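I have placed the structure first, in the form of structure tokens, so that the comments after it can refer back to it.
None of the figures in this text is laboratory data; all of them are computed from the coordinates on show. What you are looking at is a predicted structure, and each value in this text was computed from that prediction instead of being measured. Please note: Cβ atoms are built from the backbone with ideal geometry, for glycine as well, and neighbour counts cover all protein chains shown.
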């Protein structure tokens, strides 16, 4: 069983966002495996342990992404591929084409990724890949069972649970609840340093800049208006409850 | 040249969802003079949804009705949508940023070899160019984004774009499109409805959220009573989900759902930065917490320092009085 995990390096969710010279400042920021991709890594490693095969990590990102890929290798993945090239634009249309160029030659049985990335949050890349590769997918899964050439998955659909049987090869994106990601162990970290790690550029994939012209472009970046603390209501609980409801009517006019 | 904009009108159990009208509202913001707005309704029982849409001033409503479309299956739905796209040849396709829209839009975008702008919260035209606003880092930042070329694929976040209003005397031409019945590689075996009759969290106008302070699964009971009374939905912080008090489907935050209701009531939630990212765009924020130093008070319009188990039932009583009168 050949499993590929799509992985993105993102800001730690505890980071505050600041803007410098028109872009998001990265100085001193802690980078992590995108939290949803972490579930995908865990699931892949477990499936490999149960069914045999290999887990390849695949990422598009700047050179610093190597550090995050090493962490995922330390969780138990077998090898990593980082596609790093400054010519790759920040647009899901382009990124999915880059990933497709690599994966179309690999034909994995199973591709796992996160439900969405906590930075750009658009949730497009994995599903676009399913279409480009011409394979099935199920998004936002909370359970995965392999039965030979099919997989049974549970999918979270806005709180409802859908049970699907999907023919492999397929792409699944992980939702919270799928598993508990393990922490890399010290021996795991030592081993990770020696695992195969490939860095590729557009040229290695036979792509040119013209093949991945971005379909969308950022025109402005801003921080949300700062919210300031409002009023603390004081008094006995019953008085406070009465006051709040009347303020919502008279002042905020929301009821 | 005039454009054709295709709106995917999501229905649930045959009923039109509110987000369908908001998606139509988004189409009106994009459309210029002479552009054609068309609607696509797919499902297995769509008569009611189609007739409800008739008065909204679209040129054409395409319908695809088939038993394969009873439950959501991406392959079956894509087959239906591609049949309509073949007919309509749209310049833009719009979805709600819902479980279904998030799943379908990238398939449509890839199939059209098109760009997609996801989770749009505002649409403006600036010097003739349509500009889309969307959150980054779950709302810790915002970007404006434009298309470089066509066709366009867009998903719009529920509760942010004003819903289209019915136009008096309007009626659309209805065109039934045959479902092409592909052989399906995935089969929906079961759908377990946990939310029947409940308001969807991302569409709710009022959200009552619980954190670690609710102490147990039963601790959500007073929050549910208040939500039921107000026609709202219950959400949760990561702390409450991790502690096993509720399902992850309720989680609000940078990992989880982003909500933008009219009223957000945070009960026993301290207000970690990840949680604030998911709810700080709500119109009015109310925080109830025993700890006066809790960071949630820094973003709340109204704060109550106290025990949620005292305050929430009293609030329910007060709201009931107001709603009765």
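Would you mention how many residues in segment B:3-30 are part of a strand (DSSP E or B) and more than 19 Å from the chain's Cα centre (by Cα)?
Residues of segment B:3-30 part of a strand (DSSP E or B): B:4-8, B:11-12, B:15-16.
Narrowing the set further to residues that are more than 19 Å from the chain's Cα centre (by Cα) leaves B:4-5.
Looking only at that region, the number is 2.
Sort out which residues of segment A:23-55 are surrounded by 24 or more Cβ atoms within 10 Å (Cβ to Cβ) and farther than 17 Å from residue A:118 by Cβ, and write them in order of number.
Residues satisfying the conditions are A:44, A:55.
With respect to the numbered conditions (1) more than 7 Å from chain B (Cβ to nearest Cβ); (2) touching a strand residue (DSSP E or B) at 6+ places or on another chain (Cβ under 9 Å); (3) free of Cβ contacts under 8 Å to residues at least 12 places away in the same chain, which one is the sole condition not fulfilled by residue A:187?
Every condition holds for residue A:187 apart from (2).
With A:152, A:180 as the choices, which residue is surrounded by fewer than 21 Cβ atoms within 10 Å (Cβ to Cβ), within 18 Å of the chain's Cα centre (by Cα) and within 11 Å of another protein chain (Cβ to nearest Cβ)?
Working: A:152 fails: within 18 Å of the chain's Cα centre (by Cα).
It is A:180.
Tell me, which strands (runs of 3 or more DSSP E) lie completely within segment A:1-112 with 1 or more residues that are within 14 Å of chain B (Cβ to nearest Cβ)?
Once the strands (runs of 3 or more DSSP E) in segment A:1-112 are filtered for at least 1 residues that are within 14 Å of chain B (Cβ to nearest Cβ), what remains is A:2-6, A:9-11, A:31-33.
Please go through segment A:162-177 and pick out each residue that is part of a strand (DSSP E or B) and over 15 Å from the mean Cα position of the chain (by Cα).
Here is the first cut: in segment A:162-177, the ones part of a strand (DSSP E or B) are A:162-167, A:170-174.
Within segment A:162-177, A:162, A:163, A:164, A:165, A:166, A:167, A:170 qualify.
Name the single residue, out of those in segment B:257-269 being touching a helix residue (DSSP H, G or I) at 6+ places or on another chain (Cβ under 6 Å) and assigned to a loop (DSSP other than H, G, I, E, B), that is surrounded by the most Cβ atoms within 10 Å (Cβ to Cβ).
Residues of segment B:257-269 touching a helix residue (DSSP H, G or I) at 6+ places or on another chain (Cβ under 6 Å): B:258-259, B:264, B:266-269.
Next cut, assigned to a loop (DSSP other than H, G, I, E, B) only: B:258-259, B:268-269.
Numbers: B:258: 21, B:259: 24, B:268: 27, B:269: 31.
Going through the qualifying residues, I end up with B:269.
Looking for something touching a residue at least 12 places away in the same chain (Cβ under 8 Å), part of a loop (DSSP other than H, G, I, E, B) and within 30 Å of residue B:87 (Cβ to Cβ) - is there at least one such residue anywhere in segment B:195-203?
Yes: segment B:195-203 contains one or more residues that are touching a residue at least 12 places away in the same chain (Cβ under 8 Å), part of a loop (DSSP other than H, G, I, E, B) and within 30 Å of residue B:87 (Cβ to Cβ).
Taking the residues in segment B:278-316 that are in a helix (DSSP H, G or I) and within 7 Å of another protein chain (Cβ to nearest Cβ) as candidates, determine which candidate is nearest to residue B:237 (Cα to Cα).
Just the residues of segment B:278-316 that are in a helix (DSSP H, G or I), to begin with: B:278-279, B:295-298, B:308-316.
Within this subset, residues satisfying the condition of being within 7 Å of another protein chain (Cβ to nearest Cβ) are B:297-298, B:310-311, B:314-315.
Details: B:297: 15, B:298: 17, B:310: 20, B:311: 19, B:314: 22, B:315: 21 Å.
That would be B:297.
Could you say which residue among A:196, A:214, A:237, A:225 is loosely packed, with under 15 Cβ neighbours inside 10 Å and within 10 Å of chain B (Cβ to nearest Cβ)?
Numbers: A:196 fails: within 10 Å of chain B (Cβ to nearest Cβ); A:214 fails: loosely packed, with under 15 Cβ neighbours inside 10 Å; A:237 fails: loosely packed, with under 15 Cβ neighbours inside 10 Å.
Step by step, each of A:196, A:214, A:237, A:225 is checked, and only A:225 is loosely packed, with under 15 Cβ neighbours inside 10 Å and within 10 Å of chain B (Cβ to nearest Cβ).
Among the residues of segment B:251-277, what is the count of those that are touching a strand residue (DSSP E or B) at 6+ places or on another chain (Cβ under 6 Å), closer than 21 Å to residue B:140 by Cβ and within 10 Å of another protein chain (Cβ to nearest Cβ)?
Residues meeting the conditions: 2.
For segment A:158-174, give me each residue that is in contact with a strand residue (DSSP E or B) (Cβ under 7 Å, 6 or more places away or on another chain) and within 7 Å of chain B (Cβ to nearest Cβ). Outline the logic, then answer.
So in segment A:158-174, the residues in contact with a strand residue (DSSP E or B) (Cβ under 7 Å, 6 or more places away or on another chain) come out as A:160-174.
Passing the criteria: A:160, A:161, A:162, A:163, A:164, A:165, A:166, A:167.
Can you pull out every residue in segment A:114-130 that is over 16 Å from residue B:107 (Cα atoms) and not in a loop (DSSP other than H, G, I, E, B)? Before you say what the answer is, go through the steps one by one.
As a first pass, look at segment A:114-130 and keep what is over 16 Å from residue B:107 (Cα atoms): A:114, A:117-121.
A:114 - this is the single residue of segment A:114-130 that is over 16 Å from residue B:107 (Cα atoms) and not in a loop (DSSP other than H, G, I, E, B).
Are any residues in segment B:159-187 within 13 Å of chain A (Cβ to nearest Cβ), in contact with a strand residue (DSSP E or B) (Cβ under 6 Å, 6 or more places away or on another chain) and either part of a loop (DSSP other than H, G, I, E, B) or surrounded by fewer than 18 Cβ atoms within 10 Å (Cβ to Cβ) (or both), and if so, which ones?
The answer is B:185, B:187.
Restricting attention to segment B:245-254, which residues are over 15 Å from the mean Cα position of the chain (by Cα) and surrounded by fewer than 24 Cβ atoms within 10 Å (Cβ to Cβ)?
Once the filter is applied, which keeps residues that are over 15 Å from the mean Cα position of the chain (by Cα) and surrounded by fewer than 24 Cβ atoms within 10 Å (Cβ to Cβ), segment B:245-254 yields B:245, B:246, B:247, B:248.
Would you call residue B:214 crowded, with 21+ Cβ neighbours inside 10 Å, over 23 Å from residue A:227 (Cα atoms) and in contact with a strand residue (DSSP E or B) (Cβ under 8 Å, 6 or more places away or on another chain)?
Criteria met by residue B:214.
Taking segment A:183-208 on its own, how many of its residues are out of contact with any helix residue (DSSP H, G or I) (no Cβ under 6 Å at 6 or more places or on another chain) and within 30 Å of residue B:186 (Cβ to Cβ)? Working first, answer last.
The first filter runs over segment A:183-208 and keeps only residues out of contact with any helix residue (DSSP H, G or I) (no Cβ under 6 Å at 6 or more places or on another chain), leaving A:183, A:185-187, A:190-191, A:193-194, A:196-204, A:206, A:208.
Remaining after also requiring within 30 Å of residue B:186 (Cβ to Cβ): none.
Residues in segment A:183-208 being out of contact with any helix residue (DSSP H, G or I) (no Cβ under 6 Å at 6 or more places or on another chain) and within 30 Å of residue B:186 (Cβ to Cβ): 0 in total.
With the structure loaded, tell me whether residue B:229 is more than 9 Å from chain A (Cβ to nearest Cβ), surrounded by fewer than 22 Cβ atoms within 10 Å (Cβ to Cβ) and more than 27 Å from residue B:136 (Cα to Cα) or whether it fails that test. Even if it seems obvious, please write down each step before you answer.
Numbers: more than 9 Å from chain A (Cβ to nearest Cβ): yes; surrounded by fewer than 22 Cβ atoms within 10 Å (Cβ to Cβ): yes; more than 27 Å from residue B:136 (Cα to Cα): yes.
Against the criterion (more than 9 Å from chain A (Cβ to nearest Cβ), surrounded by fewer than 22 Cβ atoms within 10 Å (Cβ to Cβ) and more than 27 Å from residue B:136 (Cα to Cα)), residue B:229 qualifies.
Which of the residues that make up segment A:124-134 are at the interface with another protein chain (Cβ under 8 Å from one of its Cβ atoms) and without any contact (Cβ under 8 Å) to a residue 40 or more places away in the chain?
A:124, A:128, A:131, A:132
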